[in-house]
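The values are calculated or read from the model by the stated rules, or taken from the named source; none is laboratory data. Bear in mind that the values here come from a model prediction, so they are computed numbers and not experimental data. Cβ placement follows ideal geometry from the backbone for every residue including glycine, while neighbour counts extend to all protein chains displayed.
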Amino acid sequence: MDIRAILMGLAFAAMWSSAFTSARIIVEYAPPLIALAFRFLISGVIGVGIAAWLGQSMRLSRRQWVGVLVFGLCQNALYLGLNFVAMQTIEASLAAIIASTMPLLVALAGWLIMGQRIRPLGIMGLIAGVVGVTLIMGARLQGGVDMFGLILCVIGVVSLTIATLVVLGASSGGNVLMIVGLQMLVGSAILWVPALMFETFDITWNWQLIVAFIYTTLVPGLVATWVWFTLVGRIGAVKASTFHFLNPFLGVAIAAVLLGERIGMLDVVGVVVIAGGILAVQLSKQPT
């Protein structure tokens, strides 16, 4: 892994983790689904436009179109849509911690459902992940966390896990930015249906909303997704996924600094254990 790949991985982890804090700010002042549908519409138009300007084509392979549709539905509409709704009632740090367990769920599903072999180090990582999540959830439940929001986050990370398993490798074959932009447009089209059915355009305009929306649209929404697909194409999905172990730390730290969310000792211990579990699982996939 060269220095460029390392810097890309660190940048992706920071951008991905910051999305929960900016989303928490957005849902304070705007309906979550309408805001997210607008975000994907803008990100998608920008992504497709830049991709066309760079000479990338919409003539994708069948596997790439499957990736566009599945990720547009499972990641953009379900995963992020449910998280945006949930963060009306739960803290950004908790949403980030739940979402960061995705690599553990992918490894667990691959082992139990798809029959993939997993080394002892990977099994230890899965156990550590379960212990870490249990510590955090126990502390948060005692503190009176909103169960509806918590369930929405869990359903969201499960849908992202399914998407990851279904379309693994769908970014191969070029046209990366075009694929990213089309995924955004698919997510926007799907989200507009429940947004118009259940929400009204009740928006409190202020500089916090505008800054958070622009940042979320351009950085976690467009740039981070492009960096991730580019990183996977450069070093492979297994090595790239190693950077996910940073997400629990960064998600909690950014929420604490920018939103002033309180972090208890059990949260800290749980985050460390989960991060260690993610790292162990990813290292267990590396060639001997």
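Residues in the range 43-92 that are over 30 Å from Ile151 (Cβ atoms), assigned to a helix (DSSP H, G or I) and among the aliphatic types (A, V, I, L, M): Val45, Ile46, Val48, Ile50, Ala51, Ala52.
If we keep just the residues of the range 82-125 that are of a type in the set (S, T, N, Q) and surrounded by fewer than 16 Cβ atoms within 10 Å (Cβ to Cβ), which is farthest from Glu261 (Cα to Cα)? Within the range 82-125, the match that is farthest from Glu261 (Cα to Cα) is Gln116. Residues in the range 24-79 that are β-branched (Val, Ile, Thr) and either under 17 Å from Thr217 (Cβ atoms) or in contact with a strand residue (DSSP E or B) (Cβ under 9 Å, 6 or more places away or on another chain) (or both): Ile25, Ile26, Val27, Ile34, Ile42, Val45, Ile46, Val48, Ile50.
On the stretch given as the range 161-185, residues that are surrounded by fewer than 21 Cβ atoms within 10 Å (Cβ to Cβ) and at pLDDT 80 or above total 2. From the list Leu250, Leu258, Leu283, the one residue that fits, being touching a residue at least 24 places away in the same chain (Cβ under 8 Å) and under 18 Å from the mean Cα position of the chain (by Cα), is Leu250. Give the residue that is modelled with the highest pLDDT, with candidates limited to residues of the range 92-128 that are among the β-branched types (Val, Ile, Thr) and more than 26 Å from Leu141 (Cβ to Cβ). Within the range 92-128, the match that is modelled with the highest pLDDT is Ile123. Condition test on Leu279, is it over 30 Å from Ile118 (Cβ atoms) and either part of a helix (DSSP H, G or I) or modelled with pLDDT under 85 (or both)? No.
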